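Okay, so here's the structure we're looking at.
Read-outs: derived from the displayed coordinates by stated rules, not from any lab. The shown structure was predicted, so the numbers you read here are calculated from the model rather than taken from an experiment. Please note: Cβ atoms are built from the backbone with ideal geometry, for glycine as well, and neighbour counts cover all protein chains shown.
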Amino acid sequence: MKKNIVFAIKGSLFLFLLGIILFIINRTLVPKYFINTSWPTTSTYLGFYEMPENSVNVLFLGSSHGATAFIPQELYNNYGITSYNLCCEQQNLVTSYYWLKEALRFQKPKAVVLETFYLFNNQFDSSEPYIRKAIDYMKWGNVKRQAVDDICTIDTNQSKSSYYFTNQRFHTRWSELSEDDFSYSQMSGHYEMKGFSTMFNQINENDYVPLLIGESSETADIPELMQQYMEKINALCNENGITLILVKNPTTSQKINEHNATQQLADTLNVPFYDFNTMQLYNDIAFSFEEDMIDTGHPSLKGAIKITNYLGKILQTDYDIAPQINDAWEDTRYAYSCLQLSSNLKHVPDINTYLDCLKLMKEQYSIFITLKNDGIDCLDETVSQGFNDLGLSFNLNKGDSTTYIAIITPENIYENVSNISLEAKGTIRSGIVQYQITSVINEKKRPSCSIQLDEKEYAKNYKGLNIVVYDNMTKDVIDSVSFDTASIGIPSLR
């Protein structure tokens with residue numbers, strides 16, 4: 001009997017340790033998409049589970065066209081509406097349905113806003129990597145088991161066991177593992193944007209033409225699978241007393257026959273449909289495809305603000321979503337203001353405004369400054385004061401042989417000015433990222449400059465002050481600019 005007890009204890013201990021090892025392996029190998037990536041899908045879904053229970057009044061679902069368009073913090077700041085954006089790239093309606101079902105385990109939303117881009121996309125079997133992004137970080141329970149069963153029934157190329165033991169699917173990732181795979185606890189805590197994602201580029205597209213309602217009565221065919229799950233989403237909303245709202249955000253791919261088919265479906269389901277591709281809505285929010293888009297299907301932060309505020313008005317006035325105060329949204333006001341500053345930084349042409357932005361964000365940034373001295377005659381006291389406000393002495397003497405480097409991090413400030421070549425090396429983020437910065441005058445008096453992070457060059461190497469801004473939270477360079485200090489007005493070059 002005693003031997004049997006010892007054997008049972010050893011066996012249980014072995015299985016326990018084996019379970020821990022498998023858990024660690026699986027969590028390490030599953031790809032992570034945190035806030036330092038274009039689509040922070042992992043942060044989106046892990047963060048949702050951190051929301052106070054029954055605190056979310058509006059849920060957003062859909063593809064990346066919704067992830068870049070609906071801003072929960074903007075909605076809260078202006079209307080007091082608590083919301084969460086559960087959209088992710090290439091999210092089809094099957095995934096949307098199961099994430100809505102999962103969300104209802106923890107929240108009682110009054111409205112669900114569904115972006116309909118994937119209503120007409122039936123490429124389910126080619127979307128496996130994106131389905132995994134959304135499903136792998138769903139908590140295990142009946143909803144996830146149902147989702148896995150349905151997904152693998154629809155797409156027989158997928159394996160149920162690979163969802164349970166993710167190392168089956170991602171065992172080849174050993175050679176691709178990065179810092180994020182080993183800083184899970186640190187990065188998983190950054191979900192301040194509550195699912196919203198944006199990129200900082202701009203499309204400058206001039207060919208987009210909004211739809212004119214009534215120009216055609218043709219209707220596109222909605223794939224049977226997508227129609228089926230749209231009906232499931234609507235039924236689930238009805239069962240829970242939730243208002244379902246359909247939205248189509250601006251995109252060059254929207255056609256009048258798709259609009260007509262979606263409107264027809266919305267009428268059948270007795271739900272509202274707001275298509276921002278129609279001339280009326282497009283003009284109502286003063287949208288500009290050229291200025292408010294990052295590509296042909298995703299709004300910029302500026303465009304997303306316009307879409308979000310329109311929805312905020314109708315959610316408040318037409319659907320009676322009352323304002324409230326909640327710490328989960330109050331605590332992320334600053335993070336959103338930082339995102340806005342980071343987004344605008346790339347487009348700031350004036351050096352004084354630029355320095356003001358850096359001053360507001362210097363606790364989050366690492367700032368590298370070097371001089372390629374082809375003349376600094378246009379520097380004035382206002383500019384110097386801007387650098388002083390960053391903690392720099394900035395004692396540059398106007399002349400042809402000045403060199404200058406400065407590094408500002410949350411921990412310390414380094415600065416050096418001379419009339420010979422300068423170089424500084426070091427690390428940021430607790431030794432993880434290496435930098436090398438130079439301001440050089442060679443024997444032929446030809447100036448140059450360099451700012452390298454992990455041996456990659458970021459300085460523009462144009463004449464004047466070259467600045468590179470690194471965001472320590474997102475772990476990414478968010479801007480590289482040169483200000484021509486030898487020219488009147490100190491123009492910026494990017």
Task: THR243 long-range amide H proximity, modeled H, under 5 Å - done: ALA111, VAL112
TODO: Would you order LEU358, LEU236 from fewest to most other beta-carbon atoms within 10 Å of each residue's own beta-carbon?
DONE: LEU236, LEU358
- [ ] Compare the Cα positions of ASN397, ILE367, GLY426 along the charge dipole of segment 354-493 (+1 at Cβ of Lys, Arg; -1 at Cβ of Asp, Glu; about the Cα centre) and return the one farthest towards the positive end.
- [x] GLY426
Task: Extension reserve of the LYS456-ASP207 stretch, reckoned as 0.36 nm per residue once the Cα distance is removed - done: 86.0 nm
TODO: Divide by every residue of the chain the summed helix terms, -39500 (n - 2.57) for each DSSP H run of at least 4, and state the resulting mean residue ellipticity at 222 nm, rounded to the nearest 500 deg cm²/dmol.
DONE: -11000 deg cm²/dmol
Open item on the list: Taking every DSSP beta bridge with both residues inside segment 31-337, roughly what % is antiparallel (nearest 5)?
Closed with: 5
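Using unit Cβ charges (K, R positive; D, E negative) and no other charged atoms, how large, in debye to the nearest 20, is the dipole of segment 354-493 about its Cα centre?
Its charge dipole is roughly 320 debye.
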TODO: Starting from the Cα gyration tensor of the chain, take the square roots of the eigenvalues, sort them a ≥ b ≥ c, and report rounded, prolate or oblate (rounded when a/c is under 1.5, otherwise prolate if a/b is larger than b/c, else oblate).
DONE: oblate
Open item on the list: To make sure I understand, if each residue's beta carbon is the centre and we count other beta carbons within 10 Å, what order do ARG145, ARG446 fall in, fewest to most?
Closed with: ARG446, ARG145
TODO: Provide the packing ranking of 361-369, 297-305, i.e. peptides ordered by the mean count of other C-beta atoms within 10 Å per residue, highest first.
DONE: 297-305, 361-369
- [ ] Kindly identify segment 76-171 as rounded, prolate or oblate by the Cα gyration tensor criterion: order the square roots of the eigenvalues as a ≥ b ≥ c, call it rounded if a/c is under 1.5, otherwise compare a/b with b/c, prolate if a/b is larger, else oblate.
- [x] prolate
Task: For peptides 244-254, 45-55, 424-434, sequence by mean Cβ density within 10 Å, most packed first - done: 244-254, 45-55, 424-434
Task: Per-residue HN-Hα couplings for segment 294-300 [Karplus 6.51, -1.76, 1.60; θ = phi - 60°; Hz; x = Gly/Pro] - done: 9, 7, 6, x, 10, x, 6
TODO: With a/c under 1.5 counting as rounded, go ahead and sort segment 350-494 into rounded, prolate or oblate using the C-alpha gyration tensor (a ≥ b ≥ c being the square roots of the eigenvalues; past the cut-off, prolate if a/b is larger than b/c, else oblate).
DONE: oblate
- [ ] Return the long-range amide H neighbours of GLY426 (sequence gap of 5 or more, or a different chain), with a cut-off of under 5 Å between placed amide H atoms.
- [x] TYR435
Open item on the list: Over segment 31-337, what is the relative contact order in percent, taking alpha-carbon pairs closer than 8 angstrom and at least six residues apart?
Closed with: 28
- [ ] Rounded to whole Hz and in sequence order, give me ³J(HN,Hα) for segment 314-325 from the Karplus expression 6.51 cos²θ - 1.76 cosθ + 1.60, θ = phi - 60°, writing x for Gly and Pro.
- [x] 6, 4, 7, 8, 8, 10, 6, 7, 7, x, 8, 10
Open item on the list: If you average the alpha carbon positions of segment 208-223 and of segment 285-306, how far apart do those two centres end up, in angstrom?
Closed with: 21
TODO: With an 8 Å cut-off on Cα pairs and a minimum separation of 6 or more residues, tell me the relative contact order of segment 33-128 in percent.
DONE: 34
Task: In order through segment 231-246: 3J(HN,Hα) via Karplus (6.51 cos²θ - 1.76 cosθ + 1.60), integer Hz, x for Gly, Pro - done: 5, 5, 4, 5, 5, 5, 5, 4, 4, 10, x, 9, 7, 9, 10, 8
Task: Amide H partners (placed H, <5 Å) of MET293, local residues excluded - done: ILE203, ASN204, SER300
- [ ] Give a quick list of GluC sites (Glu not before Pro) in segment 429-494 that DSSP marks as loop, anything other than H, G, I, E or B, with at most 16 other Cβ atoms within 10 Å.
- [x] GLU443, GLU455
Open item on the list: Taking the Cα centre as origin and putting +1 on Lys and Arg beta-carbons and -1 on Asp and Glu beta-carbons, what dipole magnitude results for the chain, to the nearest 20 debye?
Closed with: 1940
TODO: Starting with the highest mean, order 95-105, 410-420, 58-68 by the number of other Cβ atoms within 10 Å, averaged over the residues of each peptide.
DONE: 58-68, 95-105, 410-420
TODO: For the chain, build the charge dipole from Cβ charges (+1 Lys, Arg; -1 Asp, Glu) around the Cα centre, then report which of ALA459, THR251, PHE276 sits farthest towards its positive end.
DONE: ALA459
TODO: Starting from segment 106-166, pick out the chymotrypsin sites (Phe, Trp or Tyr not before Pro) whose DSSP state is loop and whose Cβ has at most 16 other Cβ atoms within 10 Å.
DONE: PHE106, TRP140, PHE165
Task: Relative contact order (percent, whole number), segment 354-493, Cα cutoff 8 Å, 6+ residue spacing - done: 27
